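Below is one structure, written out as structure tokens; comments come after it.
The values are calculated or read from the model by the stated rules, or taken from the named source; none is laboratory data. Worth saying up front: this structure is predicted, and the values here are computed from it rather than measured. Quick reminder, even Gly has a Cβ in these numbers, built from the backbone with ideal geometry, and neighbours come from all protein chains shown. The accessibility values were calculated without ligands, DNA or RNA, using every heavy atom of the protein model including side chains. Shrake-Rupley method; radii C 1.70, N 1.55, O 1.52, S 1.80 Å.
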Amino acid sequence: MDPTPATPGMLDACFLGPYAENDGLLEKLVVEFLRDHVYWRRNFHPEDPPAIPTDAAFDPGYRAFEARMRRELHQLSAALKKSVPFHSPRYIGHMASDLLLPGLAAQILTLPYNPNNVSEDAAPVTVDLEVEVGLQLARMVGYPHDPDRDPCAFGHLTSGGTLANYQALRLALALKAFPIALRAAGVPDLDLPDDDWTAFNLGPSAATALVVRWKDWLAAQPAGAHRAWKAKVEAERIERRGLVDFFAAHPDLRVPWVLAPITAHYSWSKGMKLLGLGRAQLRLMPERDMRLDPAALQETLEACLRLRQPVLAAVGVFGTTEYGTVDPIDALVAARDAWLPRGLGFSVHVDAAWGGYLATLFREPDGSLRPREAVAEGFARFPRPHVHAAVEALAASDSITIDPHKLGYLPYGAGAFLCRDHRAMALLAESADYVFHDHAPRGYRARYRNLGQFIPEGSKPGANVAAVYVTHKVLPLDHVHFGQLPAQTVRAAEAFHAEALAFAARVRDRVRVEVPFPPDSNLVCVAFNPVGNRDIAVANAFARRLHDELRVDPRAPLQDRSFFGSATTLRPQALGEAGMHRILDALGLDPAAEGDAEDHLVILRHTLMNPWLIDRHNGISYIALYFRHLEQRIDALRPA
Ligand SMILES: *Cc1c(COP(=O)(O)O)cnc(C)c1O
């Protein structure tokens, strides 16, 4: 069945809603599919008598248990009333909002079946769905997605973006180091590079091609030689030897660096530690105007080549966690391709944990990329040219992280890792037999049914895979369907930006207000300084007090809060010295003196992903209400 084309009414059916307007719909679905599950149990072997006697409920032990369970559930339910009201258009803090009904219903429906996506043995249905989700997301970003033709992308879900980023590091390292293992094992006939440095710098595409050549070569060996060569190569791999032994055996090589922008998420630091590469090998690149500076990247790469310092990957962020800004992915891809012939090979990974689903706005239903002018219809300034160029370049990256549990409006526990060419994944298989053996499962889908071989986790939920899959089927990942949701958030962000400027004009005599940089996507930050103040520390104290009234306070009733926002800081390392001065100047602040504790500026940060920020039916703008609220708070907090 073709999905229904999107109409304005569609949005009204997508979510439970701020007032739980769609309670009847969700309840009907949950009850219907719970009953369905019950019948499934009964119809497995209906001839078996009920194991729990039909009069069990009269037993005192049974009743005592039920009573205890009810009591605890009531207490839990009561305590949860202090939860953060993500569903409300008054919540514009972190990256969370209402949940899409198809996903929520699919997840609840699947939970009692409890599939374990570690392998098909424990999840005959949802493992296939997970492989499909990988292909759906691959199509969204422009990766090749036909499993019958190489190269084809591959993707799987993770617990979140953190683990997806970790998986990207694992894959990049495996690919980089594998040619060294082939050399060390002395494999003939494969056209291996003459020295370790060259072998370590083949770049992801050539390294993947080498994996394929090795597999074919191995398959052609007689059984005894096959086993011996496989063992020999395995023994030389970095994953087997460990970093210490591997680099001791290859003195021409150093532990490679990962280059990421200064605004990169802290999961990159975690990943470097976890993989044993060491946090010191994560090199944070300075930015200009909140985006990775290609000139700084060039300089670093020059230095790396000069010092023979290998680079594992260059990371670009598509939608930064703090500011929603978009790095020049096109420049990263161009740098990768330009440095390869100069002898420095590395992967490009895009951390699109936040921004990934924005790509739906750029995708036609037939899968083609929409021109910028077409995307721009209906927006004030989105997408700025560098954002369109970044989306276009996603297709040329080597791997991507996307979080369905962020802009995919799905429950937590759903991140995704994608790589452009699945053939590299052979290197991550826990048992080489799965992929380098004559009896290895044939065909793309068959191979990945043993998902546990390839992913960082072991047991993992199939229920949230079902949620992601069903959501992508109900709302295909193009601008006509799913794209309606990010379109709404970008419109809200543009409206928020305009309101912020009007607000700044309104309160000019009391507080200077600035939007430090125009939004790339759907996060908007606002900076404050009481008129007459020139001290950053005073301005920061003011912003912190404003934020204190916008944050969750578990000791106070939820209803005491009118709105929820979040706070972040602006640092000269991200804006550039000139950019920082421009903003401080506009706010009437003096630059921090050398050695000042506070060289950064505290600002309010707003995530505009709630679909009801502009209430079409009641003619209410929660954005306008928010700025009225801020105006009152400013007057109350301003130093007399
Ligand atoms: C949220 C986020 C992450 C981490 O994802 P989790 O799902 O929280 O593990 C990584 N990178 C970026 C850019 C993010 O926004």
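Annotations for the structure displayed:
- Qualifying residue in the range 223-245 (condition: in contact with a Ser or Thr (Cβ under 9 Å, 6 or more places away or on another chain), farther than 17 Å from Pro188 by Cα and not charged (D, E, K, R)): no
- Residues within the range 348-380 that are more than 16 Å from the ligand (Cβ to nearest atom), in a strand (DSSP E or B) and buried (at least 24 other Cβ atoms within 10 Å of the Cβ), tallied: 1
- Test: residue in the range 523-535 that is open to solvent by less than 60 Å² (accessible area, probe 1.4 Å), more than 22 Å from Ala505 (Cα to Cα) and either β-branched (Val, Ile, Thr) or modelled with pLDDT under 95 (or both): no
- Members of the range 384-427 that are of a type in the set (Lys, Arg) and within 16 Å of the ligand (Cβ to nearest atom): Lys406
- Yes/no for Leu410 being touching a residue at least 40 places away in the same chain (Cβ under 8 Å), within 13 Å of Leu477 (Cα to Cα) and not acidic (Asp, Glu): no
- A count restricted to the range 536-560 and to residues that are open to solvent by 90 Å² or more (accessible area, probe 1.4 Å) and among the aromatic types (Phe, Trp, Tyr) stands at 0.
- Residue count, the range 500-519 (criterion: crowded, with 20+ Cβ neighbours inside 10 Å and either assigned to a helix (DSSP H, G or I) or at positive phi (or both)): 2
- Residue within the range 322-330 that is outside any helix (DSSP H, G or I), within 12 Å of the ligand (Cβ to nearest atom) and open to solvent by 10 Å² or more (accessible area, probe 1.4 Å) present: yes
- Sole exception among (1) touching a Gly at 6+ places or on another chain (Cβ under 7 Å); (2) in contact (Cβ under 8 Å) with a residue 40 or more places away in the chain; (3) open to solvent by 10 Å² or more (accessible area, probe 1.4 Å); (4) closer than 30 Å to Leu218 by Cβ for Leu243, by number: (2)
- Of the candidates Val387, Val333, the single residue that is at pLDDT 95 or above, within 30 Å of Pro193 (Cα to Cα) and of a type in the set (A, V, I, L, M) is Val333.
- Gly345 being more than 9 Å from the ligand (Cβ to nearest atom), within 22 Å of Thr607 (Cβ to Cβ) and open to solvent by less than 10 Å² (accessible area, probe 1.4 Å): no
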